[in-house]
Amino acid sequence: MRAASWWGIAGVLALLGNAIYRLTPYALELFEQTLTSVELVVLAAWVLFNAYSEGYRAFHRMFSPRVVARARTLAGARRLFVVLAPLYCMGLFHATRRRVIVSWSITIGIVGIVILVRSVAQPWRGIIDAGVVVGLAWGVASIVYYTARALAGHAMPVPPDLPPQSA
């Protein structure tokens, strides 16, 4: 992989890492409180749900291998693609029409959810953020895993979803 690929992957990891860094304190505040049994059950269920749905299904099976697959296509790419490599790797541009729509929809949806969750009081915000942190951490680990697999010469289990004229 070339420098552009590394920049794309590192940029995505930095975005996810920043989210983990910003949300973790809210999740850790839960340990400063006495949670009711209902809150503990919701916390456990939410963390498990996010580990599976966000961490495994969304990140590990789809997003992370696609980030690496798209990063591999950056060799010899236009300068703009290289400069915006993290956004390119996330499928926000120069992708199939479906991929661009899905990527932007998810991004806008996440921004909306973040705005809503900011207004939620503890312990519920911490419970929500704990699940999200677990999912994001799984995503970071998955990107590292698929990057190592790519370096070992393995194909990615998902296509890079390039537009038809580029495929």
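For segment 114-123, does any single residue satisfy the condition of being touching a residue at least 12 places away in the same chain (Cβ under 8 Å) and in a helix (DSSP H, G or I)? Within segment 114-123, one or more residues are touching a residue at least 12 places away in the same chain (Cβ under 8 Å) and in a helix (DSSP H, G or I). The residues of segment 141-157 that are in contact with a helix residue (DSSP H, G or I) (Cβ under 6 Å, 6 or more places away or on another chain) and within 11 Å of residue 60 (Cβ to Cβ), listed by number, are 142, 143, 146, 157. None of 43, 80, 30 is more than 19 Å from residue 134 (Cα to Cα) and not β-branched (Val, Ile, Thr) except 80.
For segment 90-112, give me the residue count where each residue is surrounded by 12 or more Cβ atoms within 10 Å (Cβ to Cβ) and either under 27 Å from residue 24 (Cβ atoms) or without any contact (Cβ under 8 Å) to a residue 24 or more places away in the chain (or both).
Adding up the residues that qualify gives 12.
Among helices (runs of 4 or more DSSP H) entirely within segment 58-113, having at least 1 residues that are among the β-branched types (Val, Ile, Thr) and under 11 Å from the mean Cα position of the chain (by Cα) singles out 64-72. Restricting attention to segment 141-167 and to residues that are part of a helix (DSSP H, G or I) and surrounded by 19 or more Cβ atoms within 10 Å (Cβ to Cβ), the residue that is farthest from the chain's Cα centre (by Cα) turns out to be 150. Here 118, 125 are screened, and the one residue that is over 16 Å from the mean Cα position of the chain (by Cα), modelled with pLDDT under 95 and of a type in the set (Lys, Arg) is 118. The set of residues in segment 19-46 being polar (S, T, N, Q), under 16 Å from residue 121 (Cα atoms) and exposed (fewer than 15 other Cβ atoms within 10 Å of the Cβ) consists of 33, 34, 36. Only residues that are among the hydroxyl-bearing types (Ser, Thr, Tyr) and within 20 Å of residue 103 (Cα to Cα): list them for segment 121-162, please. Those that are among the hydroxyl-bearing types (Ser, Thr, Tyr) and within 20 Å of residue 103 (Cα to Cα): 142, 146.
Residue selection: residue 11 satisfies the criterion of being in contact with a helix residue (DSSP H, G or I) (Cβ under 7 Å, 6 or more places away or on another chain) and either crowded, with 17+ Cβ neighbours inside 10 Å or not in a helix (DSSP H, G or I) (or both).
The values are calculated or read from the model by the stated rules, or taken from the named source; none is laboratory data. Predicted model only: the values in this text are computed from it and were never measured. So basically every Cβ, Gly included, is an ideal-geometry build from the backbone, and we count neighbours across all protein chains shown.
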